[in-house]
Amino acid sequence: MCGIAGYIGKKEGLPIVFGTLRKLEYRGYDSAGVAYFVKRRKSGVKGVKVVKTVGKLDNLEQAIFDKKSSLAAAAIGHTRWATHGPPNEINAHPHWDCKKEIFLVHNGIIENYKELKEELLKAGHHFRSQTDTEVAVHLIEEYGFEKALKKIVGAYAFAIIYRKEPNKIYFARLGSPLVVGVGQEEYYLASDPTALAGLVKRVIYLKDGQRGVLSLGGFKIGPTRPKVEPLDIDPEQARKGDFPHFMLKEIFEGPEVVRSALRGRLFPERNLVKLGGLESAADKLKKIRRLEIISCGTSYYSGLAGELLFEELSELPAEIHLASEYRYRKDPTQKRAACVFISQSGETADTLAALKKAGSRGYLTLGVVNAVGSSIARATEAGVYNHAGPEIGVASTKAFLSQLSVLALMSLFLSKNKKSKTAKEVMRELSAIPGKIKLILAQSDKIKELAKKYLKYKNFLYLGRGYNYPTALEGALKIKEIAYVHAEGYAGGEMKHGPIALVDKNFPIVAIVTQNGVYEKMISNLEEIKARGGPILAIATVGDKNIGKLADDVFYVPKTVRQLEPMLNVVPLQLFAYYFGALKGYDVDKPRNLAKSVTVE
Ligand code: F6R
C-alpha cells in the first residue's frame, strides 16, 4: 500500500527520503514521487522541485539522480498504490496547490473528496489529477492546515512542505499510520517504523488526531502529548541475505519463527503456558464463554485453524469472521465473548474497523499481531505478539506459521485442563515443530521439481479436511497471489457438492492427506478424483505406503498431532507456490496488484 517518507536535518534530504522509500517498497506500489528544495539558478531563491515516475523506484532513482542535487532542507516522498485514478505521473504524489506553494503526500482515503472538490472548484481552485489527495492540498490553501483537517472525512497520514518554509515538515495522522523518527538534530517521517530501522533509535508512534511540525530545532506535536519510545527493530533482519527473494528467505525462517513465538511462553515439562500479554486481561478472561476471531486473508485462514484449536483445547466455542464482513454486520458478537484480532501488519483497515466496532460495544479485544506498536496492537486491550520479525515478501508465509503457534499457545493458555492427555501431547509436539519444519525445508529441491512438473497447468484444486481445510485454503491463496494461477481451496467433503464437475486430466488436485482422523475420508475423495482422471499431488505422512498407489506424486511430511498439522503441511505448499511463481519469472516478492499492508478499505 502507499508509503510516506520525510526528512528534515542538516544532511541533504533527498537521498535519505529516497532510501526510506526503498525500505517501504515491499508494501506494494505502482508509482512514486518526491518533493525537495533546490536553489533557483537565477534568483538564488529556494524553490521546490517535484519528481514523479510510474512503475518501480528504479525509474524514480534515474529521474532524481540525473538532476542536480537537493539542498540540505526538508524533503518528502511517497510510493502510491492507486485508489482514485490510474497509476500515472499526474496522479502520483506529491500534489500541490494552485500557487505551487504547498506540497503534500497522503496515505489513506478522503471519503468526502467529491463534495470538497466541488466546493473548491466553485472557489476557483484548479485541479490536475483524479485523486482524492489533491483535494487536501487545495483545502489547506483555502482554509489553512488546521481548518482543512477538520473538514476532511476519512483516513489520512499527511506530510507537507511549504515553499516559504524550507526547514519545516508539517504532518497529521488520522486512521493511517505515521511515525516520527527522532535523531540528533534531525527528524524523519515514515508510514512504517521498519523503514526507520538503522536511521534512528527513538520514534513517536503518532496517534489518531495528532499533528504537528518538524523543524531543525525540534518538533511540536499536539493536541495530545507525544510519547518518544525506543525503536526496537534490527535493520539486519530486514535484509534478504543469500536468498534470491524475501519470500524464500521468510519460508526458511519458519523454524526460527515458531521458536521465537514459543520462547519463554511454553513449558511442556510443567504443563504450563505463560502469556504475559494476556495477564492484564486475566480477570476478564476468566469470565468469557466464547471467542470470536476476526481477520483477513492469510490471517483469516490461521484464524480458521484457531477456531478448531479453541474449540478443542480451550473447550470454548469459537467463530471466525472476515473483518470486512464483520464491520458491517449489526452485532455479530455473542454475549460474554472475547474478540481476537489477528494481523501481521497490525494496520489492516478492515480489521482495525472491526476492532473499533467490537471495542465500542464493550467486548474484550485481544490482538495476535506481528508488527510491534502497530495500530491494532495499540487498540486491543491485551494480546500476544508474534515476534516473527518484519515480513517483507508481500505474500504472508512466516507470519502464518507464527500465528498458528500463538493461537495454539492461546488455546492451551485458556484450557482449564492443561494436564489432559491432549493438552500434554500438543505442548510436547509444539516444541518439536521447528525441527520437523527443518526436515521439510531440507527437501525444498523436491518441491521445486514438482513445481516444474505442474507448471503447465492453469487451474488447481486444493483439498483438505479438518485442520487441513484452512491449510488447503492458504495453499490455494499462495499460488494465486504468487503465480497468478487460478486455484481454489475446498473442504474434501464438499467435492461431490459441485467442484467434482471440474475434474479431468487438466485439473490437478493438491490433496492434504496426512494420517489423522479424516485420512480414510480423504482417501475416498481422492478415489473419486482418480476415477475421473484428475492428476493428484498429495501431501502425506512419512511412512504412508498406500498413498503412492493413488496419487501421481507424493511429498512426505513428518508425523505430528492433528491440531498442529497445518504448521507442517503448509510449508510444502508455500514452497510450491514460490517455485511456481519464480520459475515463471514473476516478481514473487511484489506480486501485481497486491500490497503488504492493506490500509484502505
Ligand atoms: C496473503 C496476505 C494477505 C494478508 C491480509 C491480512 O499472503 O498477505 O491476505 O494476510 O491482507 O493482513 P494482516 O495480517 O497484515 O492483517
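The values are calculated or read from the model by the stated rules, or taken from the named source; none is laboratory data. Being a predicted model, the structure only gives us computed values, none of them experimental. Cβ: placed from backbone, ideal geometry, glycine included. Neighbour counts: every protein chain shown.
Pairs, please: C-beta under 6 Å, at least 6 apart or cross-chain, first residue closer than 15 Å to residue 364 by Cα and in the range 331-350, second near the ligand (Cβ under 7 Å from one of its atoms) and in a strand (DSSP E or B)?
Listed pairs, sorted by first residue: 342/295.
Show me the helices (runs of 4 or more DSSP H) entirely contained within the range 283-371 in which 2 or more residues are among the hydroxyl-bearing types (Ser, Thr, Tyr) and closer than 30 Å to residue 482 by Cα. Spell out how you get there, then give the answer.
Details: elements: 297-309, 323-326, 349-360.
Hits in the range 283-371: 297-309, 323-326.
Looking only at the range 560-586, count every residue that is of a type in the set (D, E, K, R) and either buried (at least 22 other Cβ atoms within 10 Å of the Cβ) or outside the structural domain of residue 518 (by TED's automatic domain parsing) (or both) and tell me the total.
Of the residues in that region, 1 qualify.
Being out of contact with any Asp or Glu (no Cβ under 7 Å at 6 or more places or on another chain), away from the ligand (no atom under 12 Å from the Cβ) and of a type in the set (A, V, I, L, M) is the filter here, so list the residues in the range 367-383 that pass it.
379, 382
Can you find even one residue in the range 536-544 that is away from the ligand (no atom under 16 Å from the Cβ), surrounded by 20 or more Cβ atoms within 10 Å (Cβ to Cβ), outside the structural domain of residue 350 (by TED's automatic domain parsing) and not in a strand (DSSP E or B)?
No, the range 536-544 contains no residue that is away from the ligand (no atom under 16 Å from the Cβ), surrounded by 20 or more Cβ atoms within 10 Å (Cβ to Cβ), outside the structural domain of residue 350 (by TED's automatic domain parsing) and not in a strand (DSSP E or B).
Go over the candidates 408, 395 one by one and state the one that is at pLDDT 95 or above, more than 20 Å from residue 27 (Cβ to Cβ) and assigned by TED's automatic domain parsing to the domain that holds residue 270.
None of the other options fit; the residue is 408.
Considering every residue within the range 282-294, establish whether at least one is surrounded by fewer than 22 Cβ atoms within 10 Å (Cβ to Cβ) and within 21 Å of the chain's Cα centre (by Cα).
There is no residue in the range 282-294 that is surrounded by fewer than 22 Cβ atoms within 10 Å (Cβ to Cβ) and within 21 Å of the chain's Cα centre (by Cα).
Condition test on residue 452, is it over 19 Å from residue 270 (Cα atoms), in contact with a Phe, Trp or Tyr (Cβ under 9 Å, 6 or more places away or on another chain), basic (Lys, Arg) and surrounded by fewer than 20 Cβ atoms within 10 Å (Cβ to Cβ)?
Criteria met by residue 452.
Within the range 384-418, which residues are within 14 Å of the ligand (Cβ to nearest atom), among the basic types (Lys, Arg) and part of a loop (DSSP other than H, G, I, E, B)?
none
Identify all residues within the range 567-600 that are in contact with a Ser or Thr (Cβ under 6 Å, 6 or more places away or on another chain), modelled with pLDDT of 95 or more and within 15 Å of the ligand (Cβ to nearest atom); write none if there are none.
570, 574, 575
Which numbered condition trips up residue 262, out of (1) within 16 Å of the ligand (Cβ to nearest atom); (2) surrounded by 19 or more Cβ atoms within 10 Å (Cβ to Cβ); (3) not β-branched (Val, Ile, Thr)?
Of everything listed in (1) within 16 Å of the ligand (Cβ to nearest atom); (2) surrounded by 19 or more Cβ atoms within 10 Å (Cβ to Cβ); (3) not β-branched (Val, Ile, Thr), residue 262 misses just condition (1).
Please go through the range 459-504 and pick out each residue that is modelled with pLDDT under 95, in a loop (DSSP other than H, G, I, E, B) and not acidic (Asp, Glu).
498, 503
Does residue 315 satisfy the criteria of being more than 15 Å from the ligand (Cβ to nearest atom), touching a residue at least 12 places away in the same chain (Cβ under 8 Å) and touching a Leu at 6+ places or on another chain (Cβ under 8 Å)?
No; evaluated as a whole, the condition is false for this residue.
For the subset of the range 33-72 comprising residues that are at pLDDT below 90 and part of a helix (DSSP H, G or I), which member is surrounded by the most Cβ atoms within 10 Å (Cβ to Cβ)?
Filtering the range 33-72 for residues that are at pLDDT below 90 and part of a helix (DSSP H, G or I), the one surrounded by the most Cβ atoms within 10 Å (Cβ to Cβ) comes out as 64.
I'm trying to understand the selection: among the residues of the range 149-199, which are crowded, with 22+ Cβ neighbours inside 10 Å and of a type in the set (Asp, Glu)?
Once the filter is applied, which keeps residues that are crowded, with 22+ Cβ neighbours inside 10 Å and of a type in the set (Asp, Glu), the range 149-199 yields only 192.
Can you give me the number of residues within the range 473-503 that are more than 14 Å from the ligand (Cβ to nearest atom) and among the acidic types (Asp, Glu)?
Selection size over the range 473-503: 2.
Could you give me the residue pairs with C-beta distances under 6 Å whose first residue belongs to the range 508-521 and is under 19 Å from residue 552 (Cα atoms), whose second residue is of a type in the set (Val, Ile, Thr) and at pLDDT below 95 wherever it lies, and which are 6+ apart or on separate chains?
509/529
For the range 73-86, check the following and say yes or no: at least one residue is surrounded by 17 or more Cβ atoms within 10 Å (Cβ to Cβ), among the small types (Gly, Ala, Ser) and more than 25 Å from residue 219 (Cα to Cα). It would help to see each step written out before you state the result.
Within the range 73-86, the first condition is being surrounded by 17 or more Cβ atoms within 10 Å (Cβ to Cβ), and the residues that meet it are 73-82.
Okay, now just the ones that are also among the small types (Gly, Ala, Ser), so 73-75, 77, 82.
So of that shortlist, the ones also more than 25 Å from residue 219 (Cα to Cα) come out as 82.
Yes.
One line per residue, one yes/no per condition, for (1) out of contact with any Ser or Thr (no Cβ under 8 Å at 6 or more places or on another chain); (2) aromatic (Phe, Trp, Tyr); (3) over 19 Å from residue 581 (Cα atoms):
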| site | (1), (2), (3) |
| --- | --- |
| 473 | yes, no, no |
| 477 | no, no, no |
| 482 | yes, no, no |
| 494 | yes, no, yes |
| 501 | yes, no, yes |
| 514 | no, no, yes |
| 517 | yes, no, yes |
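Could you figure out which of (1) farther than 22 Å from residue 246 by Cα; (2) out of contact with any Pro (no Cβ under 9 Å at 6 or more places or on another chain) isn't true of residue 33?
Among (1) farther than 22 Å from residue 246 by Cα; (2) out of contact with any Pro (no Cβ under 9 Å at 6 or more places or on another chain), residue 33 violates only (2).
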